[in-house]
Amino acid sequence: MTCAFCAIAADPAPVAMVHEDADLMVFLDHMPIREGHCLIVPRAHYPYFDDLPETLAARVMALSQRLARSLKAIHGVERVAFFATGTDLPHAHIHVVPLHEKGDLTSARYMAEPPVFAGIAVQPREQLAPVADRLRQELETTA
């Protein structure tokens, strides 16, 4: 089975292309969360965001910042979301979404557990410290 994003890299005709260069494509998501929802997709196949070479990941970040500024100007929003979920398709891609309302990226689970996601520190630092320590140690061993 052919990867959908690899197929788009070979023939971008089916998408609403916003930007393309030798390494990256930006096009409008065909099932947008909000108007202006874009995908930044490398032309080369990398399964997940953390598989991208650092130089390409840096280019993705720089392009997403430019895109965010453009989306803010066009849609008159204060914030733009940037996220890589890796759940729909195993080809690294970034969602860049203008946030019109607080709940634009909120799932039903988040809404059912509001204290956890309302900016309230539910767990004291002492409870979070062991998790942070473990993550810090792992980060130090990862290139």
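When the range 67-78 is examined, which residues are found to be over 14 Å from PHE27 (Cα atoms) and either exposed (fewer than 14 other Cβ atoms within 10 Å of the Cβ) or in contact (Cβ under 8 Å) with a residue 40 or more places away in the chain (or both)?
Hits for the range 67-78 are ARG69, ALA73, ILE74, HIS75, GLY76, GLU78.
Quick one: which residue in LEU52, LEU56 is more than 21 Å from THR2 (Cα to Cα), under 16 Å from the mean Cα position of the chain (by Cα), surrounded by 13 or more Cβ atoms within 10 Å (Cβ to Cβ) and modelled with pLDDT of 95 or more?
Unique residue meeting the criteria: LEU56.
The values are calculated or read from the model by the stated rules, or taken from the named source; none is laboratory data. Keep in mind that this is a model prediction, so the values were computed, not measured. When we count neighbours, we look across all protein chains shown, and the Cβ atoms used for this are built from the backbone with ideal geometry, even at glycine.
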